[in-house]
């Protein structure tokens, strides 16, 4: 990029940005695309853009589990799987993150002040569910982490629930980190505050 100012480029609200790219760890010198894309995405969120985080292996015809997207569908059909993708109700990563404020789900918007936010984290992909590891679930708003819960390998075998009362914020979102390996393994899409207008 010749410009260091992201809004010089066209990022349309309610579209996705490939945040996890090829590998969760992405530690190759000079090619830390996941780290760079995550920084771009969080910068755009801070600027008021409403963009979903996605994952992509980019291996072109070769199946792998290095960068997964997780969604919950009513059945195993293309139409059922595309439905949550079209509204941002999916996880960038191989762990299921479900979050709601009333009947508003990830990827959407509602009034966030004085509401109850409920989170469920479950269904770790086998490549990320590692015996002896500890995980952490973080709930974030536009200012940073507002609630955290460490989860052992044994606890992660079952759904992990968290709930908080919301305060005035631009958005809420959830991340899951592998504490033992020190990297982010799942990024939930935000629920934005409908009382705010988004980027100008």
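Counting only residues that are outside any strand (DSSP E or B) and either farther than 16 Å from residue 116 by Cα or free of Cβ contacts under 8 Å to residues at least 12 places away in the same chain (or both), segment 134-167 holds 9 of them. Pairs linking a residue in segment 97-118 that is in contact (Cβ under 8 Å) with a residue 12 or more places away in the chain and at positive phi to a residue that is surrounded by 19 or more Cβ atoms within 10 Å (Cβ to Cβ) and assigned to a strand (DSSP E or B), with Cβ atoms under 7 Å and 6 or more positions apart or on different chains, are 107/52.
A quick yes/no check of all residues on (1) at pLDDT 90 or above; (2) over 24 Å from residue 128 (Cβ atoms); (3) under 14 Å from the mean Cα position of the chain (by Cα); (4) surrounded by 13 or more Cβ atoms within 10 Å (Cβ to Cβ):
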| site | (1), (2), (3), (4) |
| --- | --- |
| 38 | yes, no, yes, yes |
| 55 | yes, no, yes, yes |
| 77 | yes, yes, no, no |
| 87 | yes, yes, yes, yes |
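Does at least one position in segment 88-96 carry a residue that is more than 16 Å from residue 68 (Cα to Cα) and either in a loop (DSSP other than H, G, I, E, B) or in contact with a helix residue (DSSP H, G or I) (Cβ under 9 Å, 6 or more places away or on another chain) (or both)?
So far as segment 88-96 goes, no, none of its residues is more than 16 Å from residue 68 (Cα to Cα) and either in a loop (DSSP other than H, G, I, E, B) or in contact with a helix residue (DSSP H, G or I) (Cβ under 9 Å, 6 or more places away or on another chain) (or both).
Checked against the criterion of being surrounded by 21 or more Cβ atoms within 10 Å (Cβ to Cβ) and at pLDDT 95 or above, the candidates 137, 179, 146 yield just one match: 137. For the criterion of being more than 14 Å from the chain's Cα centre (by Cα), surrounded by fewer than 16 Cβ atoms within 10 Å (Cβ to Cβ) and not in a loop (DSSP other than H, G, I, E, B), residue 131 fails.
Yes or no, residue by residue, for (1) closer than 28 Å to residue 155 by Cβ; (2) surrounded by 17 or more Cβ atoms within 10 Å (Cβ to Cβ):
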| position | (1), (2) |
| --- | --- |
| 70 | yes, yes |
| 80 | no, no |
| 84 | yes, yes |
| 95 | yes, yes |
| 98 | yes, yes |
| 109 | no, yes |
| 142 | no, yes |
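To keep it simple, each residue is scored yes or no on (1) within 29 Å of residue 130 (Cβ to Cβ); (2) over 17 Å from the mean Cα position of the chain (by Cα); (3) part of a strand (DSSP E or B); (4) modelled with pLDDT of 85 or more.
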{"residue": "2", "(1), (2), (3), (4)": "no, yes, no, no"}
{"residue": "14", "(1), (2), (3), (4)": "no, no, no, yes"}
{"residue": "48", "(1), (2), (3), (4)": "no, no, no, yes"}
{"residue": "61", "(1), (2), (3), (4)": "yes, yes, no, no"}
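In segment 112-120, the condition of being closer than 29 Å to residue 64 by Cα, in contact with a strand residue (DSSP E or B) (Cβ under 8 Å, 6 or more places away or on another chain) and in a strand (DSSP E or B) is met by at least one residue. Return yes or no: is residue 173 closer than 23 Å to residue 134 by Cα, assigned to a strand (DSSP E or B) and at pLDDT below 95? Judged against the criteria, residue 173 is not a match.
The values are calculated or read from the model by the stated rules, or taken from the named source; none is laboratory data. Because the structure is predicted, anything quoted here is derived from the model rather than measured. A quick note on method: Cβ atoms are made from the backbone with ideal geometry, for glycine too, and the neighbour counts reach across all protein chains shown.
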